[in-house]
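As structure tokens, the structure follows; a few thoughts come after it.
The values are calculated or read from the model by the stated rules, or taken from the named source; none is laboratory data. Only a predicted model underlies this, so the values are computations on that prediction, with no experimental measurement involved. Note that each Cβ is placed from the backbone with ideal geometry, even for glycine, and that neighbours are counted across all protein chains shown. Just so you know, the surface numbers come from the protein's heavy atoms only, side chains and all, with ligands and any DNA or RNA stripped out. Shrake-Rupley method; radii C 1.70, N 1.55, O 1.52, S 1.80 Å.
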Amino acid sequence: MKIRSHTCNSTRSCSALLLAAGLALAGCEANQGWYTSPAAERPAEPTPTTPPPTELSLFGQETWGAPTALPADPIPLTSNPNSVNASRITFAEEGADFDPCVSSSGGFMVFASTQHSRNADIYLKNLGSTILTQLTNDPGRDVMPKISPDGQWIAFASDRALDWNIYVMPRAGGRPVQITWESAAELHPSWSPDGKQIAYSKLGQTSGRWEIWVTDVTNTSTPHFLGYGLFPEWCPKAGTGPNGGDLILFQRSADRGDRAFGIWMFEMKGGQVGSPSQLIGSPATAYINPNWSPDGRYVVFASVSDPHAIQSADKVFTGDSDLWMMSSDGNTMVSLTTGNSSDLLPAWGTDGNIYFVSTRTGRDNIWAINAETAMLAAGLSPSEPVATVPTDQ
Amino acid sequence: MTSAQTMLARAPAGLIGRAVLALVLSGLLQGCEGFTNRKPELTPPTVTRAPYAGQPGEVLWGVVPLANESGTDVFDPLIVSDKLVAAVEEVEGIRAVPLNRTLQAMHALEMRGVRDPGDIARLADAMGVDGLVVGTITAFDPYDPPTIGLSIALYARTPAMGAQAAQAGIDPRALSASPTDHTPGPGFRPGDGPTALASAHLDARDHGVLVALRDYAQGRHDPEGALGWRRYTASMDLYTQFATQHLVAELVRQEHLRLATPGEDEPPAP
């Protein structure tokens, strides 16, 4: 009996223990929420999200600012130039030759070339010779060379110091001297007729626009601002302005519409500039790369009839562009080149030739066309006087 | 034997025992002392540098309070936004406007949120910042392993960021041939889209995320601590700190790529 009761008691105790344990476990499960961290109750599991799109859209499914699609291929070029009396000056089979500048003596030409390197260097070529002399050999890009009026110095733009600046080096070669120092991009030097100053383009960091500045070659500490524009070209003949000052050509776009470039000019006298005047401009046609004739009576430039048509994959415009010349009063215009090629960057030599860059053989090379022949064909006399352009229009 | 003799007889054994004990204890203490004097070597953390090195002064960014699109409200989006401000401040060359200043500017403009590019321009003008960061919180799960999703965009506002890009991308040959003007023009404003985008869904179960987290934690924690770099998964606050820094580093990396000149090496990925 005692044994049985002991057994019964043990069984009861075990049962009681089991029951208590079961109740305890049930209680734990029921009171799971007593520990709330970090929230009062466990929030619902967030629904699995697909990886967010890489492009943020603030405006629902609409997107904005989609890039403009460019054509896959550039305009195919023909090798059938329609221009008369154009002769080839450089013969790059690799890379490109561009930015020609002819000395005032007419004896030699400098230009930028990527014939021997991906980054452009400055070369010199005596006109009439096929020999090229490499003047710079820097890992940076050296472009836009301009010969000083006395033919002894060459100014050019280079990014050898990581940002674009203007340098001057001796024509015979030698170490270039940096003459602009700002972190803003400074390009396209142009010598004054006396060779003491250089005008250049600078991308204004505050304005966000291309600006024209001028600096003394020997005292570069105080450049000063002339106006807004790109690629200034200082008239090689001094005092041709209506007020006896020097004329400076440049290209500028309107701040509206498609912003096609037009050609403008202002007169600078005593460091001060007058109001700019537009020589030619149109919303439907772009006019770029203005340059002077050696006597300052004519202006040569490139005309782009469909400025928004084509850009190649490397952003170099390869559409149709033609050269024109115009009297400095804007009254007479003569077509110099035509055809399905890109003719740009004209430079007027003292030998009566206009040197320019053309893709007429499928690659940028320098060509020349006789300006006098074109003027005579248009019924103009090369010696015909031209009225100067007023600068207060 | 007298009690004194007994004592004298016992004394050497007791003394020896105490001496041995003292010797052992002193050895232990010396060992402990040497151990506590051993401090972990200091390792500086990785620093992100902005690409605006040529700009005088530092570029100033503002951070718009992040929108909460995570589907949960267990957290305060302003706290995450504040972490983002702190992450921007950590970048060398960039300063960030405190979040409360952004909130005050939005309040003054009666702006409840940024809805379109016009809002971005107005807010950036009011604050006078060079860039504005907007974004959303796309996921937030604080339970271990934690998960956080962020998507942020940088809008350049001033030529300090735009002009830099313009110079870095200048090709004089292309510029000579260009018939139209592509410069930002006066009154430079944010363009049609952001200049840099970064988004990530950082799930701590993903070993790739953990590798990035471990790299981030280097130099930011006590390696001798109990959790080590894992403390960043144990604390949602720290995990959010890592996530914001990860996204900001990606933004800065994209800015480096945008401003890189040809031939420049690509900056390392964050």
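Protein heavy-atom accessible surface, 1.4 Å probe, per residue over the range B:104-160: 35 Å². Heavy-atom accessible surface of the range A:88-212, averaged per residue, reaches 38 Å², computed with a 1.4 Å probe.
For the range A:115-145, a decrease in accessible area of 10 Å² or greater in the assembled protein chains relative to the isolated chain, with a 1.4 Å probe, applies to A:Arg141, A:Val143, A:Met144. Interface residues of the range B:112-155, defined as those losing at least 30 Å² of solvent-accessible heavy-atom surface relative to the isolated chain (probe radius 1.4 Å), are listed as B:Arg115, B:Pro117, B:Thr138, B:Asp141, B:Tyr143, B:Ser151, B:Tyr155.
Net charge of the neighbourhood of A:Met169, taken over other residues with C-beta under 10 Å away and scored Lys/Arg +1, Asp/Glu -1, is +1. A cut-off under 9 angstrom between Cβ atoms defines the neighbours of A:Lys202, and their net charge, with Lys, Arg +1 and Asp, Glu -1, is -3.
Buried accessible surface for the A/B chain pair comes to about 4300 Å², total over both chains, computed with a 1.4 Å probe. Of the trypsin sites (Lys or Arg not before Pro) found in the range A:188-262, those that fall in a DSSP loop while having at most 13 other beta-carbon atoms within 10 Å are A:Lys196, A:Arg256.
Each Lys or Arg adds one and each Asp or Glu subtracts one; over the other residues with Cβ under 13 Å from the Cβ of B:Met111, this totals -1. A simple rule links phi to the HN-Hα coupling: the Karplus curve 6.51 cos²θ - 1.76 cosθ + 1.60 with θ = phi - 60°, which for the range A:152-164 gives 9, 10, 10, 9, 7, 9, 8, 10, 5, 9, 6, 10, 6 Hz, with x for Gly and Pro. Qualifying GluC sites (Glu not before Pro) in the range B:72-161, where qualification requires a DSSP coil assignment and no more than 12 other C-beta atoms within 10 Å, comprise B:Glu110.
Burial of accessible area (probe 1.4 Å, heavy atoms of protein chains only) in the range B:194-214, relative to its chain alone, reaches at least 20 Å² for B:Leu197, B:Ser199, B:His201. Note on the range A:116-232: with neighbouring protein chains present and a 1.4 Å probe, carbon and sulfur make up 50 percent of its accessible heavy-atom surface.
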